[in-house]
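Just so you know, all these numbers are worked out from the coordinates, no wet-lab data involved. Note that the structure is a prediction, hence the values are computed from the model and not measured. Cβ coordinates were reconstructed from backbone atoms using ideal geometry, including for glycine residues, and neighbour counts include every protein chain displayed.
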Amino acid sequence: MVGGGVAGLGAAWRAVERGASVALLEARERVGGLVWTERTDGFVIERGPESFLTRDPILLELSEALGLTDRLVKTNAQGAFVVHRGRLEKIPAGFQLLAPLNAGAFWRSTLVSRRGKLRALFEPWLPTRPRDDESLASFVRRRFGEEVLDRLAQPLASGIYGADPARLGLRSTLPRFLDAEAQGGVIRGLRAQAGTEDRAAGARYGLFASYDGGMEVLTEGYAAALGDRVRTGVAVERLERTVGGWVAHTDGGPVEARTLLLATPAPVSARLVEDLDPTLAAHLRAIPLGSAATATFAYEASALPELTTAGFVVPAVEGSAVLACTFSSAKWPHRAPEGKHLVRVFLGGHTNQDVVHLSDEALLRLARRGLRELLGVTASPLFDRVDRWKGAMPRYEVGHHRRIARIDAAVAALGPVRLAGVAYHGVGLPAVTRWARDATDTLLQ
Ligand SMILES: Cc1cc2nc3c(=O)[nH]c(=O)nc-3n(C[C@H](O)[C@H](O)[C@H](O)COP(=O)(O)OP(=O)(O)OC[C@H]3O[C@@H](n4cnc5c(N)ncnc54)[C@H](O)[C@@H]3O)c2cc1C
């Protein structure tokens, strides 16, 4: 296994569960990749991902297998805000990412005009025209109208994908919405899906879960379970196909293996397969990558308004550099000591990709301006952290699934090797984990 992020760790653990002999090679001195939790003075600061969706119970099951179940935590927060003409307004109850499922709450909201509400609530009576793939923007415009797109769907989707909904393909990002339309309309279909999901999983933790000591509890759990099968500080530089399988040439010498899983970021995997199949490398490089920056602040609780929701998202039409803000310590237990708070501001997004090139001071200034204008925070923070995520967010464009099918076919033709990671079959931790485990099963067969 090459690459010790969530994909590589999940794959390596799967191989161990199946009784295979495995080595995981990770270039850095620590495993986890994008998962990175800092623990300082009683604060638990997520520098990377902060939680995971439980709709797919895979990480709940893995937590059980790794002995981490009693470390799982559920969110304390109720709902979230969206910025509307410079002010925070509650996202109507029952609004599911792109679709208003609670007609009463949506009707009472002031985010959308009366005309916009009527347009959206008329959705169950529209003829259904499900397509193989379609941009997220075109889908929402077609089913719910322009206002729902601009004021709710765009900021909520950007909060997850950091990308323009006009360039995101629904088939690879949120296929359940396309499937819902095929079930007689989006609202009707989502309601039917919700019924089966509630029975299937996640009810104990709600829609999202995390760990008491942050997401690194998961990657530390993997590392402990894998023991000396993990070799950190070993960067793979070149791959060689041999009669018996593969040789991974690393900065510490060659490592031989019968089968190989590349769980490195797509541009690194492209470089590693370049000599074996240049067309495959080109396909991998063609997956567009987005960037974002985050600024995290610790405050005395008295410096902030009362924080009871998860945070807020900002529509692009508001013209702000702030994309979203998570009230980390209100959302999750154990994130800050008593009487203190942790908030995290996301900057960038598709309209502001350049923010990652700004200095720390400039990023902090932008983030603090957002907190001042939207929450009235004028006090100085106790401390701050800035993180840049350059090219860390693969953008699943319309037709992404066709590009990935070509990549998967080319990889299979190379021999006993598979790719896993955030660039291919889902950007969230559960999707990345599920695919990595499936890829391992294929290799072991
Ligand atoms: C800011 C941010 C917030 C996010 N928040 C969430 C969230 O709240 N919930 C959620 O579900 N998802 C979230 N995500 C997505 C999530 O972080 C990713 O899905 C996941 O971490 C990707 O894991 P990975 O193993 O594919 O890649 P990575 O974590 O990037 O791992 C790749 C690994 O490969 C190693 N590597 C690179 N080159 C080599 C080499 N030559 N040899 C050996 N090793 C090498 C790297 O050092 C790295 O450890 C977030 C992403 C970002 C950027």
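Before moving on, here are some points about what is shown:
- Under a Gaussian network description of the chain, with springs only between Cα atoms under 10 Å, the residue in Asp133, Asp41, Asp164 that fluctuates furthest is Asp41.
- Rough spin-label spacing in nm, given labels placed 7 Å along Cα→Cβ, for Glu240 and Ser138: 4.8
- Phi angles across the range 34-49 convert, under the Karplus curve 6.51 cos²θ - 1.76 cosθ + 1.60 with θ = phi - 60°, into 3J(HN,Hα) values of 5, 6, 7, 10, 9, 10, 9, 6, x, 8, 10, 10, 7, 8, x, x Hz, Gly and Pro given as x.
- Kirkwood hydrodynamic radius (C-alpha pairs) into Stokes-Einstein, the range 1-132, 20 °C and 1.002 mPa s, D in µm²/s: 110
- Proximity of backbone amide H atoms, modeled 1.01 Å from N, is registered between Val230 and Leu24 at under 5 Å, excluding neighbours fewer than 5 places apart on the same chain.
- Theoretical FRET efficiency, 1/(1+(r/R0)^6), r = Cβ-Cβ of Ala103 and Ala362, R0 35 Å, to 0.05: 0.20
- Mean separation of Cα contacts under 8 Å (6+ apart) over length of the chain, as relative contact order %: 25
- Sequence-distant residues sharing a close amide H with Leu382 (under 5 Å, placed H): Ala298, Tyr299, Glu300
- Under the criterion of Cα pairs below 8 Å and six or more residues apart, the relative contact order for the range 93-200 equals 29 percent.
- Where both bridge residues fall in the chain, DSSP classifies roughly 85% of the beta bridges as antiparallel.
- Sum of -39500 (n - 2.57) over DSSP H runs of 4+, divided by residues of the chain (222 nm, nearest 500): -10000 deg cm²/dmol
- Straight Cα distances below 25 angstrom link Lys340 to the lysines Lys74, Lys90, Lys331, with same-chain residues fewer than 8 positions distant left out.
- Taking amide hydrogens as placed 1.01 Å from N in the peptide plane, the amide H of Val377 sits under 5 Å from those of Arg372, each at least 5 positions away in sequence or on another chain.
- Residue with peak Gaussian network fluctuation, the chain [Cα springs, cutoff 10 Å], from Gly145, Gly339, Gly169: Gly339
- Based on Cα atoms of the chain, Rg over Rh with Rh as the Kirkwood radius reads 0.97.
- Cβ-Cβ FRET estimate between Arg39 and Ala286, R0 fixed at 41 Å, reported to 0.05: 0.60
- Solution diffusion estimate, µm²/s, Stokes-Einstein, the range 250-295, Kirkwood Rh from C-alpha pairs, 37 °C, viscosity 0.692 mPa s: 260
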